Amino acid sequence: MGQETNEYGQPIGAPLPNWSARQVPPRRPMEGRYTRIEPLSVADHAEDLFAAYSLDQKGILWTYMPVGPFPDLGSFKTWMESACKSNDPLFHAILDQATGKAVGFASYLRIDPPAGVIEVGFIAYSPLLQRSRVATEAMYLMMARVFDEMGYRRYEWKCDSLNAPSRQAAQRLGFTYDGLFEQATIYKGRNRDTAWFSILDRDWPQTRTAYLAWLDPANFDDNGEQRRRLAELITEQRA
């Protein structure tokens with residue numbers, strides 16, 4: 001089909017005759033083989049999370065976050081009390097199924113049901129979670145809720161353009177780089193140029209297949225090392 005035009009011959013976007021506004025993601029747990037995700041709770045998660053984050057003794061993981069580091073459990077709980085009440089961002093604790101302990105959190109934010117657009121962000125992975133199957137499955141479960149359960153059209157990842165680990169994570173996880181928004185915001189008294197990434201609903205079926213192949217226990221050897229990389233599997237599926 002050619003480009004859609006209006007009565008004046010001007011190009012316009014493709015019609016979406018069957019589209020309707022989506023629902024807001026529910027406060028309901030998500031569960032996988034390695035990971036459980038629950039709505040963030042001070043009573044259930046604060047102590048485990050603070051202990052996990054305390055392993056990052058230099059507070060490096062908070063450099064590009066608008067909050068933290070937290071000097072003590074009390075200040076962390078104070079922040080968590082407001083975070084748990086928030087609907088946007090909608091915070092979730094990430095638990096390791098093997099231990100039952102919370103080892104990080106992530107959120108849905110900038111939730112736009114009429115347009116079917118939602119962002120994953122405010123992600124804080126403790127050292128116990130980084131570079132693990134739990135971490136990757138957490139991102140898969142949150143994507144699956146957005147696309148499979150809620151029927152959204154676009155899933156976004158944004159980060160400080162100077163945050164190299166976050167940019168690398170976005171690309172490894174299957175997000176496509178969309179561009180740079182210079183002087184997008186200010187946090188902790190600093191300028192932030194924001195890098196934008198996204199996954200679209202049309203890419204999701206192939207991306208889902210790649211995630212499931214990567215998460216399969218057969219993809220890991222006896223030492224727990226991956227046999228095939230996630231990025232390799234995603235590229236292969238989308239080809």
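The values are calculated or read from the model by the stated rules, or taken from the named source; none is laboratory data. Quick caveat: nothing in here was measured; it's all calculated off a predicted structure. Glycine also receives a Cβ, built like all others from the backbone with ideal geometry; neighbour counts cover every protein chain displayed. Heavy atoms of the whole protein, side chains included, go into the accessibility calculation; ligands, DNA and RNA do not. Shrake-Rupley method; radii C 1.70, N 1.55, O 1.52, S 1.80 Å.
Going by the structure shown, is Glu232 assigned to a strand (DSSP E or B), open to solvent by 50 Å² or more (accessible area, probe 1.4 Å) and of a type in the set (D, E, K, R)? Criteria not met by Glu232. For the stretch 71-112, the set of residues classified as farther than 18 Å from Met143 by Cβ and of a type in the set (Ser, Thr, Tyr) consists of Ser75, Thr78, Ser82, Ser86, Thr99, listed by residue number. Within the stretch 74-112, the residues that satisfy the criterion of being aliphatic (A, V, I, L, M) and either more than 13 Å from Ala135 (Cα to Cα) or out of contact with any strand residue (DSSP E or B) (no Cβ under 9 Å at 6 or more places or on another chain) (or both) are Met80, Ala83, Leu90, Ala98, Leu109, Ile111. Return a yes/no flag: does the stretch 31-48 have any residue that is free of Cβ contacts under 8 Å to residues at least 24 places away in the same chain and in contact with an Asp or Glu (Cβ under 9 Å, 6 or more places away or on another chain). Within the stretch 31-48 (the criterion being free of Cβ contacts under 8 Å to residues at least 24 places away in the same chain and in contact with an Asp or Glu (Cβ under 9 Å, 6 or more places away or on another chain)), the answer is no, since none of the residues qualifies. Pairing each residue of the stretch 186-208 that is more than 13 Å from Met143 (Cβ to Cβ) with any residue that is part of a helix (DSSP H, G or I), provided the two are 6+ apart or on different chains, yields C-beta distances under 9 Å for Ala195/Ser166; Ala195/Arg167; Ala195/Ala170. Restricting attention to the stretch 20-41, the residues that are among the hydroxyl-bearing types (Ser, Thr, Tyr) and under 18 Å from the mean Cα position of the chain (by Cα) add up to 2.
Residues that are surrounded by fewer than 16 Cβ atoms within 10 Å (Cβ to Cβ), under 23 Å from Gly151 (Cα atoms) and polar (S, T, N, Q) within the stretch 199-227 comprise just one, Thr209. When you go through Arg131, Arg110 one by one, which is the residue that is basic (Lys, Arg) and either modelled with pLDDT of 95 or more or touching an Asp or Glu at 6+ places or on another chain (Cβ under 6 Å) (or both)? Of Arg131, Arg110, the one residue that is basic (Lys, Arg) and either modelled with pLDDT of 95 or more or touching an Asp or Glu at 6+ places or on another chain (Cβ under 6 Å) (or both) is Arg110. The condition (being of a type in the set (Asp, Glu) and more than 23 Å from Tyr177 (Cα to Cα)) is satisfied by just one residue among Asp201, Asp222: Asp222.
Being open to solvent by 20 Å² or more (accessible area, probe 1.4 Å) and either touching a strand residue (DSSP E or B) at 6+ places or on another chain (Cβ under 8 Å) or within 23 Å of Arg27 (Cβ to Cβ) (or both) is a property that does not hold for Gln130. Here Gly174, Gly179 are screened, and the one residue that is within 14 Å of Glu156 (Cα to Cα), open to solvent by less than 80 Å² (accessible area, probe 1.4 Å) and without any contact (Cβ under 8 Å) to a residue 60 or more places away in the chain is Gly179.
Identify all residues within the stretch 196-214 that are out of contact with any Phe, Trp or Tyr (no Cβ under 7 Å at 6 or more places or on another chain) and more than 12 Å from Tyr155 (Cα to Cα); write none if there are none. If the condition is that a residue be out of contact with any Phe, Trp or Tyr (no Cβ under 7 Å at 6 or more places or on another chain) and more than 12 Å from Tyr155 (Cα to Cα), then Pro205, Gln206, Thr207, Arg208, Thr209, Ala210, Leu212, Ala213, Trp214 are the ones that fit.
Exactly one residue out of Ala138, Ala144 is of a type in the set (A, V, I, L, M, F, W, C) and surrounded by 20 or more Cβ atoms within 10 Å (Cβ to Cβ), and it is Ala138.
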